[in-house]
Each structure stands twice: as structure tokens, then as C-alpha cells.
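Everything below concerns the one structure shown next.
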Amino acid sequence: MGGLEVNTWHMIIDVARCHDCNNCFLADKDEFVGNDFPPYTLAQPWTGHRWMNIHRKERGQYPIVQVAYLPMPCQHCSDAPCVEASTDGAVYRRPDGLVIIDPQKAEGHPEIVDTCPYGAIYWNEEARVAQKCNGCAHLLDQGWTETRCSQVCPTGAIRLVLADDAEWTEIAAAEGLEDYHSHLGTNPRVKYKNLYRWEKVFIGGSAVFKDTDECAEGARVTISSEDQLVDKGTANNYGEFIIDRLDPGTAYTVTVEADGYQLYTTTVTPDESVNLGTIFLEKVAL
């Protein structure tokens, strides 16, 4: 008979739900600043550490602008570079999947900081030890079913999941979860939902009927690449449209059409999300 599946901890972060309220960041500070939790970690210093770091970016240009937020804790990778590079068990992975920096064995080893490709490890100069998010291991070992950050998130953007590999695979597939910087191959236990808001780009614009100066509500927008349809959409009652989830650095042909008006077409290669501005549709001559 095969062995039983082991339940391990995983985290889901929904980029579309994060509003940058910083409750997770503050809860992390409340838990770890000034508090030693041996053998899990020493106290986090007052400044310089962001064990739950929130990255921010603007998408598009005025007046079609979106803001995306990417919460970034330790990814607790199954193939963690920090674990592989550590000596004498200074960084180790627990059976429940959490990656821990041993505060005694890691003392005096600042090189540990540079082993994380996500920038999630920090150096505590006073204690002379590398530190990071430990998944609130001390609380989970007491029976908690939430980390401090998932507990306080008001929008449900951060969720903690205890599941075996088969269950986790099903959850990831059903919710369309992705790895941040998947090319790193670290197999992180933190996965992201709606990651396109951070890694992909959109093409937007505002369509106007030139003869009447009215918003071109209902104008049909098509995005294609290399003569293949990528996506399509419709201008809203303000004449605005956004086609999202596009690959940066790819050439796209944009067409905007409406009955009785000439076809508008242009080609763009956006490295970032782009607003094409006001597109005036010319009336077809009778």
C-alpha cells in the first residue's frame, strides 16, 4: 500500500482583491516586532524589514488607468534556493512545507539574503541573522488555521490552505492559480490568482463618432496578432474599451468598427499597458 498523502500549507493571493490597505503588513509587524519566537525566529527589527511586502504599479495612462498591488511574502518554495544553498541546516523545510531560517545556525551568515530570487529575505544587523516570513509557524503549531496576514485581510485577498498535493493541484487548476516568476522553477507554495494584472498588459482607448462628437457606445474592438484573433470587446457607454491579458513586447493589430463608420486600425507593441487615446470614427461617405 502507498503512503498517505501529507497535508501541507499553501497560500493563495488574489491580485485583483488587494487594495493596498496594508493590514497584512501591520499585522506582521504587530506579531514579530519586539517578539522573539525561538526556535522559529528572533524579533523583527523596527525598520528595514518587509516580511509581507506589497509591490505597486500603475497600468495605462490617464484617463484609462488601473493600479495593481502584489503582496510578496516568502514563497515557501518546494525547491527553495535558500534551502539548497544553506549549510548545516541554517535554512530548512518542514514536513508541512514551511521554510524556516534557524536563528541560531544562520547567525553571522549574511549571504543567505542573496539566495532568495524574490528578495524576501532581510538582514537583521543588530542580531546578525537573516530573517523572513516564516508562515507564522509558531501560531500554526499552536493550532491556528490562519496566519496573521490571512486573518486580517478584509477583502479575502490572502487565503491559507491546508491540503495534500492532489487537493492543491485541483484547487490551483480550478482557480487558475499561477506562480510569480514561474521561470525561476522554485515551485512556490504561494500562488497567485489574477496575476495577469501584474504580469500582462492591456490596450485601451476611447472611441468617438467624429460627425456627432458622441461616445461610440457599442463600437466593436478586435485585437489580433500575426493574423490570429487574440480577443475582442465592445466600447461601453463612455466609448471606452480595455482588452487585457496581453503579452508585453508583442505586436498587436487593433481594429475599431461601427456600422456606418470607416474601419479604424493601428498596430502597437506595448511593453506596458497603453491607452490609445481618443479614436475618432469617420462617417462612411454616401
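The values are calculated or read from the model by the stated rules, or taken from the named source; none is laboratory data. Because the structure is predicted, anything quoted here is derived from the model rather than measured. No Cβ is skipped: glycine too gets one built from the backbone with ideal geometry, and neighbour counts run over all protein chains shown. All accessible areas refer to the heavy atoms of the entire protein, side chains included, with ligands and DNA or RNA removed. Shrake-Rupley method; radii C 1.70, N 1.55, O 1.52, S 1.80 Å.
Having 1 or more residues that are among the aromatic types (F, W, Y) and closer than 20 Å to G218 by Cβ is the bar; report the strands (runs of 3 or more DSSP E) wholly within the stretch 228-279 that clear it. I'd like the intermediate steps shown before the answer.
On the way: elements: 228-234, 240-246, 252-257, 264-268.
In the stretch 228-279, 240-246, 264-268 are the strands (runs of 3 or more DSSP E) which contain 1 or more residues that are among the aromatic types (F, W, Y) and closer than 20 Å to G218 by Cβ.
Inspect all residues belonging to the stretch 28-44 and state whether any of them is of a type outside the set (D, E, K, R) and in a helix (DSSP H, G or I).
Yes.
Scan the stretch 157-183 residue by residue and report those that are closer than 18 Å to W198 by Cβ, touching a residue at least 60 places away in the same chain (Cβ under 8 Å) and among the small types (G, A, S).
A157
Here is a yes/no grid of residues against (1) in contact with a His (Cβ under 8 Å, 6 or more places away or on another chain); (2) in a strand (DSSP E or B):
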residue	(1), (2)
V6	no, no
W9	yes, yes
W51	no, no
H55	no, yes
R59	no, yes
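Go through the stretch 81-97 and count every residue that is closer than 19 Å to L160 by Cβ and open to solvent by less than 10 Å² (accessible area, probe 1.4 Å).
Going through the stretch 81-97 one residue at a time, the tally reaches 1.
Which of the residues that make up the stretch 206-245 are closer than 27 Å to K193 by Cα and among the small types (G, A, S)?
Answer for the stretch 206-245, where residues must be closer than 27 Å to K193 by Cα and among the small types (G, A, S): S224, S225, G233, A235.
Between residues in the stretch 191-217 that are among the polar types (S, T, N, Q) and residues that are in a strand (DSSP E or B) and buried (at least 17 other Cβ atoms within 10 Å of the Cβ), which pairs lie under 6 Å by C-beta distance while being six or more apart or on different chains?
Listed by first residue and then by second, the contacts come to N194/D14; S206/E240.
Taking the stretch 1-46 only, how many residues are of a type in the set (V, I, T), surrounded by fewer than 17 Cβ atoms within 10 Å (Cβ to Cβ) and modelled with pLDDT of 95 or more?
1
Results for (1) farther than 30 Å from V161 by Cα; (2) open to solvent by 30 Å² or more (accessible area, probe 1.4 Å); (3) not hydrophobic (A, V, I, L, M, F, W, C), shown as yes or no for each residue.
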{"residue": "W198", "(1), (2), (3)": "no, yes, no"}
{"residue": "G205", "(1), (2), (3)": "yes, no, yes"}
{"residue": "G218", "(1), (2), (3)": "yes, yes, yes"}
{"residue": "S224", "(1), (2), (3)": "yes, no, yes"}
{"residue": "K232", "(1), (2), (3)": "yes, yes, yes"}
{"residue": "F241", "(1), (2), (3)": "yes, no, no"}
